[in-house]
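The values are calculated or read from the model by the stated rules, or taken from the named source; none is laboratory data. A quick note: this is a predicted structure, and the numbers were derived from the prediction, not measured. Ideal geometry is used to build each Cβ from the backbone, glycine not excepted, and the neighbour counts take in all protein chains shown. Just the protein is used for accessible areas: all its heavy atoms, side chains included, with ligands, DNA and RNA removed. Shrake-Rupley method; radii C 1.70, N 1.55, O 1.52, S 1.80 Å.
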Amino acid sequence: MKVRFTTDRNSILRIDYQLLPTRFGEMLTAWTDAGELCFAAFTTYRGRGQVMRELTALFPAATLHEVTDRRRIFDEKPAAILLAGTRFRHDVWRALLEIPCGETVTYARLAELAGHPRAVRATGTAVGSNPICCIVPCHRIVPAAGGTGNYHGGAEIKKALLAEEGAQIK
């Protein structure tokens, strides 16, 4: 899978999006006109309206177009993704992409892996702002105190994702 990082969110002028059912709940996915997945978020916990506002805020210059071609990210991984954010967030998201399926790490460990060991809180914020859930596996980050912690898509979906991967939770 090709991963492209950008800090220029205003260069994306058209985004096609779709709402589709998944085995974990409804998801909104969005694609650039170059065919890159640029956004994926569950709507079940926060609602469609909030998720659409997040997509719009992420790409403020883009015109959004709803499509119905049903590109299912759980059935076939995208060939390319676009991650739009700050350089710090890029570091955190790169580190997330390196966490193997079925494994979890703490926020502190992720901060180390991202090259910012003293920025644990900022790392947590970057995890929470991950624009492509599941593909960029923010669900694999857990609190040092144990349990699964929070998840942008809802704690139940996070638990289901981790269970499907066979992750051991303390």
message: Given a 1.4 angstrom probe, what's the average accessible area per residue across the chain, in square angstrom?
response: 50 Å²
field: In degrees, nearest ten, helix 155-165 long axis to first principal axis of the chain (Cα)
entry: 80 degrees
- request: Can you check how the C-alpha radius of gyration of the stretch 1-84 compares to 2.2 N^0.38 Å, as a plain ratio?
  value: 1.02
message: Could you sort the peptides 102-109, 135-142 by per-residue average Cβ neighbour count (10 Å cutoff), highest mean leading?
response: 135-142, 102-109
- line: The equivalent-ellipsoid semi-axes of the stretch 95-170, taken as the square roots of five times the Cα gyration tensor eigenvalues and listed largest first in whole Å, are 18, 13, 12
query: Leaving out ligands, DNA and RNA, what percent of the accessible area of the chain is carbon and sulfur, probe 1.4 Å?
result: 49 percent
message: Could you tell me which residue out of Leu64, His90, Leu20 lies farthest along the dipole of the stretch 11-141 toward its positive end? Charges go on the beta carbon: Lys and Arg +1, Asp and Glu -1, centred on the Cα centre.
response: His90
task: Compute log10 of I(q)/I(0) for the stretch 127-170 with the Debye formula, placing one identical point scatterer on every Cα and leaving out solvent, at q = 0.14, 0.16, 0.34 Å⁻¹, to two decimals.
output: -0.27, -0.36, -1.45
- prompt: Taking θ as phi - 60°, what are the ³J(HN,Hα) couplings along the stretch 117-126 by the Karplus curve (6.51, -1.76, 1.60), each to the nearest whole Hz, with x for Gly and Pro?
  reply: x, 8, 10, 5, 5, 5, 4, x, 5, 5
statement: Amide H neighbours of Val3 at under 5 Å, excluding residues fewer than 5 places away on the same chain, with H built from the backbone geometry, are Ile81
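Suppose every Lys and Arg Cβ carries +1 and every Asp and Glu Cβ carries -1, with no other charges. What dipole size does the chain come out with about its Cα centre, to the nearest 20 debye? Please list the in-between numbers first.
Numbers: 22 positive and 17 negative charges, 83 e Å.
With only Lys, Arg, Asp and Glu charged at Cβ, the dipole is about 400 debye.
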task: May I have the convex hull volume per residue, in Å³, for the Cα set of the chain?
output: 104 Å³
C-alpha center-to-center spacing [the stretch 43-58, the stretch 68-145] in angstrom: 19 Å
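Would you count, across the chain, every pair of lysines whose alpha carbons are under 23 angstrom apart, provided the pair is eight or more residues apart or spans two chains? Walk me through the numbers on the way to the answer.
Working: Lys2/Lys77; Lys77/Lys158; Lys77/Lys159; Lys158/Lys170; Lys159/Lys170.
Counting lysine pairs in the chain gives 5.
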